[in-house]
1. Using θ = phi - 60° and the Karplus curve 6.51 cos²θ - 1.76 cosθ + 1.60, what whole-Hz ³J(HN,Hα) does each residue of region 41-57 get, with Gly and Pro shown as x?
2. Taking the inverse of the average 1/r across all pairs of different Cα atoms in region 173-237, what Kirkwood radius in Å do you get?
3. Expected output is a single nm value to one decimal: the length gained when fully extending between ASN41 and VAL318, i.e. 0.36 nm times separation in residues minus the C-alpha distance. What is it?
4. Translational diffusion coefficient, Stokes-Einstein: compute it for region 140-266 using the Kirkwood radius over C-alpha pairs as Rh, at 4 °C and 1.567 mPa s, and state it as an integer in µm² s⁻¹.
5. For a footprinting-style exposure proxy, rank SER39, SER98 by other Cβ within 10 Å, fewest first.
6. Distance in nm between label sites at GLU358 and PHE160, each 7 Å beyond Cα in the beta-carbon direction?
7. Can you give the extra length, in nm with one decimal, that the chain gains between ASN196 and GLN81 once fully stretched, where that is 0.36 nm per residue apart less the Cα-Cα distance?
Amino acid sequence: MRTSKKRNGFRRKRYLLPLIIIGLLVLGRILLPYFLKRSVNKTLNNIPGYEGHVEDIDVALWRGAYVIEGLILRKEAADNQPPLLDFPETDISIDWRSLLNGKIVSEIEMHSPGFNYIFEVQKQETTGREPDAGDWTDALKKLVPISINHLNVHNGEANFAQLSSNPEITIFLQQINLQATNLGNVVNEKETLPSNLRATAISFGGGEVLLEGNLNVLKEIPDVDLEFSLKQADVTALNDLANRYAGVDFEKGIFELYSEVAIADAYLKGYIKPMFINTRLLGKEEDGGFFNKIWEGFVGIFKFILKNQGTDTLATRVPLEGDLNQVKTGILTTIINIFENAWINAFSGSVDENINFEDAARNKE
């Protein structure tokens with residue numbers, strides 16, 4: 001009898017221990033989102049000059065992932081303005097493909113993220129230490145416990161506004177789709193620029209935006225070799241900006257912008273090339289004043305003299321070169337390029353493809 005009772009007791013203990021472990025795992029799974037949400041909210045609210053929160057966090061243990069829902073970050077006392085960051089859904093998971101290469105890194109999928117930079121809000125004074133962009137970017141990095149290897153952005157949006165300007169100035173990018181691969185340098189470890197970046201978007205005036213190139217983000221100041229293009233934007237979308245700084249409006253035309261930038265060991269070399277194609281200034285019906293009429297006429301004559309008459313294009317190429325802490329723009333070279341475009345040859349409507357990583361590295365030496 002005693003032997004039988006002992007045998008039954010051992011059997012009960014044998015089944016009881018797994019049940020306890022399963023129960024603890026289930027309890028941990030239930031409580032984990034709560035503790036994660038609490039930790040994330042604490043991180044966001046510890047950013048100097050900012051306040052933030054998340055609505056919910058879902059955990060998917062089977063794929064080693066968690067989803068942050070409704071992340072909001074805004075400047076203090078800016079409740080009536082759009083938040084700086086508005087991330088409806090961010091999926092952070094283990095990059096299982098990289099495990100085959102012996103590295104534990106993460107993959108991030110962002111759905112419809114929003115970035116709203118309002119100059120007046122970001123410049124307003126706050127209590128305590130004056131914040132900077134490094135504060136909230138460092139905080140976001142803490143939300144990802146392991147290094148990021150892949151980043152995908154779907155249908156993002158970025159807005160830049162100056163509300164106190166007359167007229168109000170707003171520049172935006174919509175339908176941002178971005179893919180960055182091998183950020184953790186899991187593969188191609190011998191490559192100087194092992195990571196790849198490609199992004200597309202729709203700009204103000206319906207322009208088509210493309211950013212692509214290679215980089216190395218593992219350095220404190222990343223090495224990059226990037227190309228940027230903005231094509232076929234309706235120039236009238238720039239009227240607020242043109243009216244604010246030049247006192248003129250466009251009736252019609254196309255605005256395009258091209259750029260190449262290379263950075264090697266914190267030394268930058270590149271250019272920015274804006275182009276105004278087939279543009280026509282708008283004559284104002286209302287009386288803008290005698291001096292305003294003179295100014296508009298002067299701008300029209302200036303545009304006629306400096307544009308390339310064969311292609312009806314006004315363009316220049318603004319060079320950028322130097323240490324990242326003191327990037328300088330060659331004003332004289334810019335002026336020469338204006339006249340070169342006007343009288344010698346028109347700039348091509350594309351990326352020049354004559355700036356690369358070796359240019360920055362060579363000039364650094």
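Laboratory data are not the source of any read-out in this text; all were calculated from the coordinates shown. Predicted model, so just to flag it, every value in this text is computed and none were measured. Ideal geometry is used to build each Cβ from the backbone, glycine not excepted, and the neighbour counts take in all protein chains shown.
1. 4, 5, 4, 5, 7, 8, 6, x, x, 10, 9, x, 6, 10, 6, 6, 9
2. Kirkwood radius, region 173-237: 13.0 Å.
3. 95.4 nm
4. Estimated diffusion coefficient is 77 µm²/s.
5. Ordered by Cβ neighbours within 10 Å, fewest first: SER39, SER98.
6. The modelled label-to-label distance comes out at 3.2 nm.
7. Full extension of this stretch gives 37.9 nm more.
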